[in-house]
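**Student:** One structure is given below, represented as structure tokens, and several questions about it will come after.
The values are calculated or read from the model by the stated rules, or taken from the named source; none is laboratory data. As the structure is a prediction and not an experimental result, all values here were calculated from the model. With ideal geometry, Cβ positions are generated from the backbone for all residues, glycine too; neighbour counts draw on all protein chains shown. Calculation scope for accessible area: heavy atoms of the full protein, side chains included, ligands and nucleic acids excluded. Shrake-Rupley method; radii C 1.70, N 1.55, O 1.52, S 1.80 Å.
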Amino acid sequence: MKNRKIFLKVICLIGTMLFIAVSFAQEIRILNAAEIDEIAYEGDLDMPVFRGFEYRDGGGLWDMLLLENNYVAGSDTATNSSIMGILYLQDHGGYLKKTEFKDFIKEEERDIRFWTSYCSFTDLDGDGYIDPVVVYASYKGKDKSDEEPLRVKIFVFYKTAKIGVRAQECALDACRTLKFDKSYAALPLSIRRHVLQLMEIMRTERGVILKDG
């Protein structure tokens, strides 16, 4: 009987720890402009921050910044020639840059911007660490009334490694591509399923093809 009580206590303790870990991993908030200006991030920011996220997981407290070079708060007319994403780990009052990416419009493109409605900060594989997913697209067309997605990119940040899915949209089979980074196949199944489900949602909502050939 005594051993059974000890066993039940251990099980309850493990369950409580797992609950705390999962709850801890889901803590996330959007940073406001004043916070971002005050932090300054070691002077790394060379374009305006479109959106900033802070989240906590088993690895610590993180900041993910999404930057667009011509972004104007409250404006729906600004276009961008480049974007940038930076992932920081907060460390003893400082900010350690762990991962970053940057992209630019190509000759036939007029705009590039984040699709934040498809970005997520969730522990997708249940290991206590958040797996950020960031999505953006570039556009062709004379203006927003005539725009059409030309490139779509999905980045999964798994243990700070940036793993991409890259699509080139085109009406002709020969110029349409969908490429997965080599390291994508090693991602946990739950993360790969999330990406495939996300792609299906974007096909429905954005009219993109996301297909190779």
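Conditions tested, residue by residue: (1) assigned to a loop (DSSP other than H, G, I, E, B); (2) at pLDDT below 95; (3) more than 21 Å from Thr160 (Cα to Cα); (4) open to solvent by 70 Å² or more (accessible area, probe 1.4 Å).
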{"residue": "Ser23", "(1), (2), (3), (4)": "no, yes, no, no"}
{"residue": "Tyr41", "(1), (2), (3), (4)": "no, yes, no, no"}
{"residue": "Glu54", "(1), (2), (3), (4)": "no, no, no, no"}
{"residue": "Asp63", "(1), (2), (3), (4)": "no, no, no, no"}
{"residue": "Val72", "(1), (2), (3), (4)": "yes, yes, yes, yes"}
{"residue": "Ser75", "(1), (2), (3), (4)": "yes, yes, yes, no"}
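**Student:** List every residue pair whose Cβ atoms sit under 9 Å apart, with the two residues 6 or more apart in sequence or on different chains, where the first one lies in segment 185-211 and is over 28 Å from Tyr139 (Cβ atoms) and open to solvent by 10 Å² or more (accessible area, probe 1.4 Å) and the second, anywhere, is of a type outside the set (A, V, I, L, M, F, W, C) and assigned to a helix (DSSP H, G or I).
**Tutor:** That search, which allows pairs on different chains as well, returns Ala185/Arg192.
**Student:** Further question: Among the numbered criteria (1) within 19 Å of Glu100 (Cβ to Cβ); (2) under 16 Å from the mean Cα position of the chain (by Cα), which one does Tyr118 miss?
**Tutor:** Evaluating Tyr118 over (1) within 19 Å of Glu100 (Cβ to Cβ); (2) under 16 Å from the mean Cα position of the chain (by Cα) leaves (1) as the failure.
**Student:** Could you check segment 149-175 and list, in sequence order, the residues that are open to solvent by less than 20 Å² (accessible area, probe 1.4 Å) and closer than 18 Å to Gly213 by Cβ? Reasoning before the result, please.
**Tutor:** Our first condition is that a residue be open to solvent by less than 20 Å² (accessible area, probe 1.4 Å); within segment 149-175, this holds for 150-152, 154-157, 163-165, 167, 169.
Leu150, Arg151, Val152, Val165, Ala167, Glu169 - these are the residues of segment 149-175 that are open to solvent by less than 20 Å² (accessible area, probe 1.4 Å) and closer than 18 Å to Gly213 by Cβ.
**Student:** Find all pairs meeting these conditions: Cβ atoms under 6 angstrom apart; at least six residues apart or on different chains; first residue within segment 39-56 and within 15 Å of Val134 (Cα to Cα) and in contact (Cβ under 8 Å) with a residue 12 or more places away in the chain; second residue hydroxyl-bearing (Ser, Thr, Tyr) and outside any helix (DSSP H, G or I).
**Tutor:** That search, which allows pairs on different chains as well, returns Phe50/Tyr71.
**Student:** Let me ask another. Applying the selection to segment 133-159, what residues are farther than 30 Å from Asp123 by Cβ and modelled with pLDDT under 95?
**Tutor:** Scanning segment 133-159 gives Lys140, Gly141, Lys142, Asp143, Lys144, Ser145, Asp146, Glu147, Glu148.
**Student:** Go through segment 160-206 and report how many residues are outside any strand (DSSP E or B), under 24 Å from Phe121 (Cα atoms) and modelled with pLDDT of 95 or more.
**Tutor:** To start, the set of residues in segment 160-206 that are outside any strand (DSSP E or B) comprises 160, 169-176, 181-206.
Next, from what is left, pick out any that are under 24 Å from Phe121 (Cα atoms): 160, 181-206.
From what is left, the residues that are modelled with pLDDT of 95 or more are 181-206.
The qualifying residues number 26.
**Student:** Looking only at residues in segment 101-139 that are surrounded by 18 or more Cβ atoms within 10 Å (Cβ to Cβ) and of a type in the set (Lys, Arg), which one is nearest to Lys179 (Cα to Cα)?
**Tutor:** Looking at the filtered set, the residue picked out is Arg113.
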